[in-house]
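Visitor: Can you read through this structure? Questions will come right after.
The values are calculated or read from the model by the stated rules, or taken from the named source; none is laboratory data. Here the structure is a predicted model, which means the values were calculated and not measured. Each accessible area value is taken on the protein alone, full model and side chains, heavy atoms only, with ligands, DNA and RNA left out. Shrake-Rupley method; radii C 1.70, N 1.55, O 1.52, S 1.80 Å.
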Amino acid sequence: MIRKKQDYGALRGLLAEPQLWDPANMPVGRDYLRSPQKAALDALLGLGVLPITAIPTAAGALAVKYIDHERPVFKQRRIGVDGEPFTIFKLTTMPGASEDTHSNGRHDDPCRSPLGQVLSLLRIDESLQLANVAKREMSIIGPR
């Protein structure tokens, strides 16, 4: 698969132009989803929150490894914007589950281990997705 090189220089340039952030000039609806403002906001949130979640994520990964005796990182192929496939990363919360397993997204899913229920309840299992957001494969809010 050929990866597109991300243009973070353009995003940095947007931050220096305050008129683009004026609410009167902001795009709305579907136009907003593809706007440079949304891309910049997602990149800033993804990169800004990622260091804050690093310690809980590392602790969760170690717990999965030593308590559930599983690979800590669960990888799954998903379809993103414009039908582009990408790999999403999460902490493993369902021991023995394959990549095609779909959870109901609830922390009390009976397939989750007791540790997985705690990680899911605290949303620590989702924190690795901030890397996908920072790479602009996903969005904080809105469609993938």
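Visitor: Only helices (runs of 4 or more DSSP H) wholly contained in region 1-111 count here; list those with 2 or more residues that are at pLDDT 80 or above and open to solvent by 60 Å² or more (accessible area, probe 1.4 Å). Walk me through how you get there before you give the answer.
Guide: On the way: elements: 8-15, 30-33, 36-63.
Fully inside region 1-111 and qualifying: 36-63.
Visitor: Let me ask you something else. Any chance you could count how many residues in region 115-144 are hydroxyl-bearing (Ser, Thr, Tyr) and within 10 Å of the chain's Cα centre (by Cα)? It would help to see each step written out before you state the result.
Guide: Filtering region 115-144 for residues hydroxyl-bearing (Ser, Thr, Tyr) gives 120, 127, 139.
Filter once more, so that each one left must be within 10 Å of the chain's Cα centre (by Cα): 127, 139.
Total meeting the criteria: 2.
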